[in-house]
Amino acid sequence: VFKFLPVTKLNDLRTVNRAWNEAIEVTFSELQSLSLTLHPGEDNKKYVMTILSHSPNLKHLTVTTKRAMLTDEILEAVGECSQKLQSLRLCPPKLSSSYSDYGLKCVLNSCTSLTRLVLEESSQLKRFVAESSSLEVLHMNGCSHLEETELKFPQLRELALNLISAEGVQLYAP
């Protein structure tokens with residue numbers, strides 16, 4: 001039954017009783033793929049950390065927002081709690097992202113198995129200087145304010161950039 005409930009409800013139901021808490025713990029530990037939606041007015045970093053810290057086998061994560069900001073603090077939490085992550089998709093609505101390359105570096109440095117990174121709406125990203133020895137696929141859409149890019153991904157085999165301007169963009173390949 002717990003596998004059919006939204007993740008936010010599962011976390012709330014953990015407090016009902018000990019048996020439910022243990023059953024939900026098993027459900028979280030089995031998760032390999034997860035889609036999280038962040039909402040305004042909530043402690044989204046705490047929410048992300050709570051869910052991800054109980055999901056040790058998580059391999060695929062999608063983060064969307066409903067008028068909440070996707071920040072470096074949230075990306076730090078993703079990196080801190082999801083070291084086994086293989087793919088990450090960030091899908092904030094336009095103008096709902098305030099993350100920088102610092103947050104992306106936190107993810108890339110901590111998630112050493114990450115092979116796929118998709119940034120659906122990165123219009124607020126001005127700089128992206130990073131490296132990763134495992135990243136194979138990078139998609140960046142809506143990069144209208146990107147001024148400086150220096151990407152060092154020796155395993156990269158697929159790159160999709162939707163740039164308004166390519167000025168200042170440098171790609172390094174082995």
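The values are calculated or read from the model by the stated rules, or taken from the named source; none is laboratory data. These figures come from a predicted structure and were not determined experimentally. Every residue, glycine as well, gets a Cβ built from its backbone with ideal geometry; the counts of neighbours run over all protein chains shown. Areas reflect the complete protein model, heavy atoms only, side chains present, ligands, DNA and RNA absent. Shrake-Rupley method; radii C 1.70, N 1.55, O 1.52, S 1.80 Å.
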> Once the Cα atoms of the stretch 87-157 are picked out, what are the Rg and Dmax in Å?
Replying inline: 11.3, 31
> For the stretch 39-166, what is the accessible area per residue in Å² when the probe is 1.4 Å?
Replying inline: 46 Å²
> Rounded to the nearest 0.05, what FRET efficiency do residue 30 and residue 127 have when you use their Cβ-Cβ distance and R0 = 35 Å?
Replying inline: 0.40
> Taking the Cβ-Cβ separation of residue 112 and residue 160 as r and a Förster radius of 22 Å, what is the calculated FRET efficiency to the nearest 0.05?
Replying inline: 0.45
> With each label point set 7 Å from Cα along the Cα-Cβ vector, what nm distance links residue 18 and residue 100?
Replying inline: 4.8 nm
>> For the ranges 127-137, 81-91, what's the packing order if you count other beta-carbon atoms within 10 Å of each residue, average per peptide, and put the highest first?
In response: 81-91, 127-137
> What full-extension length gain, to one decimal in nm, is calculated for residue 53 and residue 141 as 0.36 nm per residue of separation minus the Cα-Cα distance?
Replying inline: 28.8 nm
>> Taking amide H atoms as placed 1.01 Å from N in the peptide plane, list the residues 5 or more away in sequence, or in a different chain, whose amide H sits under 5 Å from that of residue 131.
In response: 152
>> Would the stretch 23-139 count as rounded, prolate or oblate if I go by the C-alpha gyration tensor, calling it rounded below 1.5 in a/c and otherwise prolate when a/b exceeds b/c, oblate otherwise?
In response: oblate
